[in-house]
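Comments concern the structure below.
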Amino acid sequence: DQSLAELDPEIAAVLEGELTRQRETLEMIASENFVPRAVLQAQGSVLTNKYAEGYPGRRYYGGCEQVDIAENLAISRASSLFGAEYVNVQPHSGAQANAAVLHALIKPGDTILGLQLAHGGHLTHGMKINFSGKLYNVASYGVDEQTHRIDYDALRAKALEARPQVIIAGWSAYPRHLDFEAFRSIADEVGAYLWTDMAHFAGLVAAGLHPNPIPHSHVVSSTVHKTLGGPRSGVIFSRDKETFGKKLDSAVFPGQQGGPLMHVIAAKAVAFKVAAGEEFAERQRQTIAGAQILAERLTATDVSSAGVSVLTGGTDVHLVLVDLRHSDLDGQQAEDLLHAAGITVNRNAVPFDPRPPRVTSGLRIGTPALASRGFGEAEFTEVADIIGGVLAAGTGADLDAARARVKALTDAFPLYPGLQQ
Ligand code: PLP
């Protein structure tokens, strides 16, 4: 019965190294977050030992009395948090939740209409070599070339032309609220289901800071690990249990998955409990405020004169999309420079990107992890200043000075103090 360090020092070193990396850098990947310690604890627990195929009270394995309690708590907490009559907490990931949604709603060969990948959509919304692009006939909508926002008249025209069975609202890189009522009215007009994938903005919805798609959608899927700040996993909701409940349950199990990850489901229950609290709501407010400070700084004169701007001119959510089409820096160079300064972001194609997807002309920068770390407006102003300075100076940036400023911030906000891997 050896410890990890005794049994496998190589993997123990990875855990230690990753904890140090997370502590000593500014984590600004928009889809990442830092989970509460209680979530780490539930996820790293003996529940990983348990098989529990089926659903609470209807399992195919004995000994499920404890895990049934965990799954029922996860369901009831998520249901009251988001106002959904039906919840399935078993999807192992966002992609698997999405596979189950399509499996439940339509047949292979039917048509789906989602936001183009290059305009901020997700792989599971119809990318060619993803299951969604292989099993279904794919039509897509994009953003307007001038405003970079979804043009609902163009979306409607596309829906009337493609006659999809499912319309997908949701994104991986889009800085504005969606108009769920407009989506639903278009879906109703063409007789399609409306499926919303709120993976990115679920935490903002939970805090009441973003329109809730559940009342307007037939089905909603999400991840739990982005703004929502829980374990890496997926979840499915519907406001209409009678119509969709059985279909969604059987699409998840046995349609897409075998045994649920009960340690992760317990950790989801913890995360939903946290997300119902005032402290969580305050963190989501700081998340949005931080992104807005970033957008403001990155559109200031000294930065914009270096050809840097922000898509749509600002943000309503937890991320900004930096537009480098007029900058000497491409996305790869900008990502590398910020990495050298101790700031982790990802390059991201912008709509109508002239540069190839390998380098891109954009950056996606998110604030959820730093807000979870305790950053408020003063710290986000300093972060925005460091990033703005590096992007404006480009390859001439003083990276030593930037790194020292990053270190002052990470030292002032210790991550998981006392935790040892
Ligand atoms: N849906 C959206 C909108 C996403 O952005 C993502 C993740 O990036 C997913 C689904 C997939 O989640 P996962 O990585 O857990 O499969």
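Brief remarks on what is shown
Matching residues to (1) closer than 29 Å to Gly203 by Cα; (2) β-branched (Val, Ile, Thr); (3) touching a helix residue (DSSP H, G or I) at 6+ places or on another chain (Cβ under 7 Å):
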{"residue": "Val303", "(1), (2), (3)": "no, yes, yes"}
{"residue": "Ala306", "(1), (2), (3)": "no, no, yes"}
{"residue": "Thr312", "(1), (2), (3)": "yes, yes, no"}
{"residue": "Asp323", "(1), (2), (3)": "yes, no, yes"}
{"residue": "Thr344", "(1), (2), (3)": "yes, yes, no"}
{"residue": "Asn348", "(1), (2), (3)": "yes, no, yes"}
{"residue": "Pro356", "(1), (2), (3)": "no, no, no"}
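The rows are residues; the columns are (1) touching a strand residue (DSSP E or B) at 6+ places or on another chain (Cβ under 7 Å); (2) surrounded by 13 or more Cβ atoms within 10 Å (Cβ to Cβ); (3) of a type in the set (Lys, Arg).
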{"position": "Glu10", "(1), (2), (3)": "no, no, no"}
{"position": "Gly17", "(1), (2), (3)": "no, no, no"}
{"position": "Val35", "(1), (2), (3)": "no, yes, no"}
{"position": "Ala38", "(1), (2), (3)": "no, yes, no"}
{"position": "Leu47", "(1), (2), (3)": "no, yes, no"}
{"position": "Ala52", "(1), (2), (3)": "yes, yes, no"}
{"position": "Arg59", "(1), (2), (3)": "no, yes, yes"}
{"position": "Gly63", "(1), (2), (3)": "no, no, no"}
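- Given (1) buried (at least 24 other Cβ atoms within 10 Å of the Cβ); (2) farther than 27 Å from Ile150 by Cβ; (3) more than 20 Å from the chain's Cα centre (by Cα), index of the condition Gln333 fails: (1)
- Qualifying residue in the stretch 237-256 (condition: without any contact (Cβ under 8 Å) to a residue 40 or more places away in the chain and over 25 Å from Leu113 (Cβ atoms)): yes
- Scanning the stretch 212-255 for residues that are within 13 Å of the ligand (Cβ to nearest atom) and surrounded by 21 or more Cβ atoms within 10 Å (Cβ to Cβ) yields a count of 16.
Residue by residue, here is whether (1) closer than 27 Å to Gly307 by Cβ; (2) in contact (Cβ under 8 Å) with a residue 24 or more places away in the chain holds:
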{"site": "Asp330", "(1), (2)": "yes, yes"}
{"site": "Ala334", "(1), (2)": "yes, yes"}
{"site": "Ala340", "(1), (2)": "yes, yes"}
{"site": "Asn346", "(1), (2)": "yes, yes"}
{"site": "Pro356", "(1), (2)": "yes, no"}
{"site": "Gly376", "(1), (2)": "no, yes"}
{"site": "Leu419", "(1), (2)": "no, yes"}
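- Residue match in the stretch 284-295 (condition: under 19 Å from Ser361 (Cα atoms) and either away from the ligand (no atom under 16 Å from the Cβ) or surrounded by fewer than 24 Cβ atoms within 10 Å (Cβ to Cβ) (or both)): yes
- Any hit, the stretch 305-324, residues being assigned to a helix (DSSP H, G or I), modelled with pLDDT of 95 or more, in contact with a Leu (Cβ under 9 Å, 6 or more places away or on another chain) and crowded, with 23+ Cβ neighbours inside 10 Å: yes
- Verdict on Val274 being touching a helix residue (DSSP H, G or I) at 6+ places or on another chain (Cβ under 7 Å), modelled with pLDDT under 95 and part of a helix (DSSP H, G or I): no
The values are calculated or read from the model by the stated rules, or taken from the named source; none is laboratory data. For clarity, every value in this text was computed on a predicted model and none was experimentally measured. Positions of Cβ are backbone-derived with ideal geometry, glycine not excepted, and every protein chain shown enters the neighbour counts.
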